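Asks: One structure, pasted below without further comment.
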């Protein structure tokens, strides 16, 4: 295990950035943070989490899949992908790290493998950072996640903790070991003694946040059709604007649309984020199979709480990051949905 003092953390970023791009959470003028490429002079944010999740590094908002170039009366197919440089993402929280496992299960762990996604996963090194002070909107522990990062399932390639004025680093994969070894000159060796105290402190704090005891047992046992026909969906959909904000900030949402753009000389086929909350989501030649906002709202939460768990050994497609609680303009979110269903059944 290695460590470096807080006031020297830039030395680590600078050393790692000599061979690859490094991204860290950076605070903006509104007091929110997002990941930005490290350059000398920018400072690491003190915010607990970024507005957008680290999912964007592996599943971007938009990407060019293929180009069709017109040459006379024929077309040439062009692969627009360029070699992805190795990169490091520092400051990924346990919830976001756990979301990678959910997306991996769809894009990597079944046939066919999504080669665009795989390419980025292969080149990216994830450094997770323990949550010293969970926020009131956090509820990752309800899903069995550990914000202290003592569980290797949501550890990333390197564990990191901020404790007693120092950052501690512990490699958990070959990629992580390679990274730390390449910059070891900026570190000092360290022990795990203080880390155990910090893990207990974080566990105690997460137990005190409002939604830590969110009850998911009824949801697990509730038959799919009973949940589908629940009266609660009317209440869920009534205030919904269908804006899709919840899906865009969610670290586990992975739906996309493919669109063609004709520039005259070539046609670019682009994959971009889509949302089940939109009226044209999965639009077919005849119509959209979900006509009302009730049906669209139900689809979103049924997928998170029932459809995905039914297919993936009872793993919920939610990691309790709390972003939907913070971003929904009408304050409708998955915590309220779970509580409504619990009350109804």
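The values are calculated or read from the model by the stated rules, or taken from the named source; none is laboratory data. This structure is a prediction, so every number in the text was calculated from the model and none was measured. Virtual Cβ from ideal backbone geometry, glycine too; neighbours counted across all protein chains shown.
Asks: Does residue 154 satisfy the condition of being under 26 Å from residue 316 (Cβ atoms), modelled with pLDDT of 85 or more and surrounded by 14 or more Cβ atoms within 10 Å (Cβ to Cβ)?
Replies: no
Asks: Show me the helices (runs of 4 or more DSSP H) entirely contained within region 211-286 in which 2 or more residues are crowded, with 17+ Cβ neighbours inside 10 Å.
Replies: Passing ranges, in order: 232-237, 245-249.
Asks: Another one. Taking region 335-345 only, how many residues are closer than 23 Å to residue 99 by Cα, in contact with a helix residue (DSSP H, G or I) (Cβ under 8 Å, 6 or more places away or on another chain) and surrounded by fewer than 23 Cβ atoms within 10 Å (Cβ to Cβ)?
Replies: The qualifying residues number 2.
Asks: Listed residues 61, 73, 40; which is out of contact with any helix residue (DSSP H, G or I) (no Cβ under 6 Å at 6 or more places or on another chain) and either buried (at least 16 other Cβ atoms within 10 Å of the Cβ) or modelled with pLDDT under 90 (or both)?
Replies: Only one candidate passes the filter, namely 73.
Asks: Keeping to region 307-329, report how many residues are assigned to a loop (DSSP other than H, G, I, E, B) and surrounded by fewer than 19 Cβ atoms within 10 Å (Cβ to Cβ).
Replies: 5
Asks: Tell me, please, whether a residue that is farther than 26 Å from residue 130 by Cα, outside the structural domain of residue 318 (by TED's automatic domain parsing) and touching a residue at least 40 places away in the same chain (Cβ under 8 Å) can be found in region 23-37.
Replies: No: zero hits.
Asks: Now for a separate question. Are any residues in region 287-306 touching a residue at least 60 places away in the same chain (Cβ under 8 Å) and surrounded by fewer than 18 Cβ atoms within 10 Å (Cβ to Cβ), and if so, which ones?
Replies: 294
Asks: Right, here's the next one. From 111, 125, which residue is touching a residue at least 24 places away in the same chain (Cβ under 8 Å) and not in a helix (DSSP H, G or I)?
Replies: Going through 111, 125 in turn, the sole match is 125.
Asks: Looking at region 181-202, which of its residues are closer than 26 Å to residue 133 by Cα and not in a loop (DSSP other than H, G, I, E, B)?
Replies: Residues satisfying the conditions are 188, 189, 193, 194, 195, 196, 197, 198, 199, 200, 201, 202.
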